[in-house]
Amino acid sequence: MEKLSSQLLDLLTAFFQTYPPVYFKKGEIILRPDRIPSGVYCIENGYVKVYFLSEQGDERLHIIYKKEDIFPLIWAFKNTTKEVFYEALTDITLRMVPKEKFLNFIKQKPLLLLILIERLIDIFDIHVNRVRNLEITSSYPRLISRLLFLSARFGKKVKNQMIIDLPLTHKEIASSINMTRETVSRECQKLVKKGLIRQKNHLIIIPDLEKLEKETALHYERVLI
């Protein structure tokens, strides 16, 4: 199954690569809620953040897409858009395919639906994780929980330490877990002082993942009913 998934992903990636690259600089808006998307995008490199604006105009980060992620799939299949913005978190290269061309290709290669279902399940799992994270009332374990999630999704192991290979500011972390930037900065300093994380060039380094997991258990115990 894993080999088949890899082959299908290669096929889908090759299809997107038949279309010219589209470039966005960090901070540029790719999609916005008041405009119909131009097509379906696949990320060739870089990161895209998806967020909505609160009534006060504050960002509320939903999800971050990475290399080989495809969006917006809900619009592609259901023709509905959400009240969210897609913004380049870094300089990025995308491939954009017109919606009808994308759907026709999927119809011709129905096994590709396996890849798309996997992606949709991943997105669902990310949103479930975010809801569970917001159920943690204390800021310290909530932040740790978020860092563990980010390490699982974006982490790279280098010399027995985990690097969250994603340039996030404290403000962006805060917007994803309904906290203020000041609170995130304060709680991060606690983790730094305990030697549980290090920060360098907007990257977070976790020297010992197991110790960070144990720190969560010390400060948050989920009640099972």
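The values are calculated or read from the model by the stated rules, or taken from the named source; none is laboratory data. Being a predicted model, the structure only gives us computed values, none of them experimental. Cβ sites come from the backbone with ideal geometry, for glycine too, and all protein chains shown count toward neighbours.
Does residue 136 satisfy being aliphatic (A, V, I, L, M), within 23 Å of residue 203 (Cα to Cα) and in contact with a helix residue (DSSP H, G or I) (Cβ under 8 Å, 6 or more places away or on another chain)? For residue 136, the condition - aliphatic (A, V, I, L, M), within 23 Å of residue 203 (Cα to Cα) and in contact with a helix residue (DSSP H, G or I) (Cβ under 8 Å, 6 or more places away or on another chain) - is not met.
Can you work out which of the residues in the stretch 28-46 that are assigned to a strand (DSSP E or B) and not hydrophobic (A, V, I, L, M, F, W, C) is surrounded by the most Cβ atoms within 10 Å (Cβ to Cβ)?
Going through the stretch 28-46, the residues assigned to a strand (DSSP E or B) turn out to be 29-31, 40-45.
Okay, now just the ones that are also not hydrophobic (A, V, I, L, M, F, W, C), so 41, 44-45.
Values: 41: 25, 44: 17, 45: 13.
Per the criteria, the residue is 41.
Scanning the stretch 47-71 for residues that are within 19 Å of residue 13 (Cα to Cα) and surrounded by fewer than 19 Cβ atoms within 10 Å (Cβ to Cβ) yields a total of 4. Residues satisfying the criterion are absent from the stretch 7-20 (criterion: assigned by TED's automatic domain parsing to the domain that holds residue 93, touching a residue at least 60 places away in the same chain (Cβ under 8 Å), closer than 18 Å to residue 172 by Cα and surrounded by 13 or more Cβ atoms within 10 Å (Cβ to Cβ)).
Per-residue answers, yes or no, for (1) at negative phi; (2) outside the structural domain of residue 188 (by TED's automatic domain parsing); (3) touching an Asp or Glu at 6+ places or on another chain (Cβ under 9 Å):
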residue	(1), (2), (3)
87	yes, yes, yes
93	yes, yes, yes
97	yes, yes, no
103	yes, yes, no
128	yes, yes, no
141	yes, no, yes
148	yes, no, yes
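Tell me the helices (runs of 4 or more DSSP H) entirely within the stretch 110-225 that contain at least 2 residues that are under 27 Å from residue 9 (Cβ atoms) and of a type in the set (Phe, Trp, Tyr).
Working: elements: 113-134, 139-154, 170-176, 181-193, 209-219.
Because the criterion is at least 2 residues that are under 27 Å from residue 9 (Cβ atoms) and of a type in the set (Phe, Trp, Tyr), the helices (runs of 4 or more DSSP H) in the stretch 110-225 that meet it are 139-154.
Candidates are the residues of the stretch 113-124 that are under 14 Å from residue 77 (Cα atoms) and in contact (Cβ under 8 Å) with a residue 12 or more places away in the chain; the one that is surrounded by the most Cβ atoms within 10 Å (Cβ to Cβ) is 119.
Among the residues of the stretch 27-60, what is the count of those that are under 17 Å from residue 167 (Cβ atoms) and in contact with a Leu (Cβ under 7 Å, 6 or more places away or on another chain)? So that I can check it myself, show each step before the final result.
Of the stretch 27-60, the ones under 17 Å from residue 167 (Cβ atoms) are 27-28, 43, 45-51, 59.
Of the ones still in play, those that are also in contact with a Leu (Cβ under 7 Å, 6 or more places away or on another chain) are 43, 47-49, 51, 59.
Within the stretch 27-60, residues that are under 17 Å from residue 167 (Cβ atoms) and in contact with a Leu (Cβ under 7 Å, 6 or more places away or on another chain) number 6.
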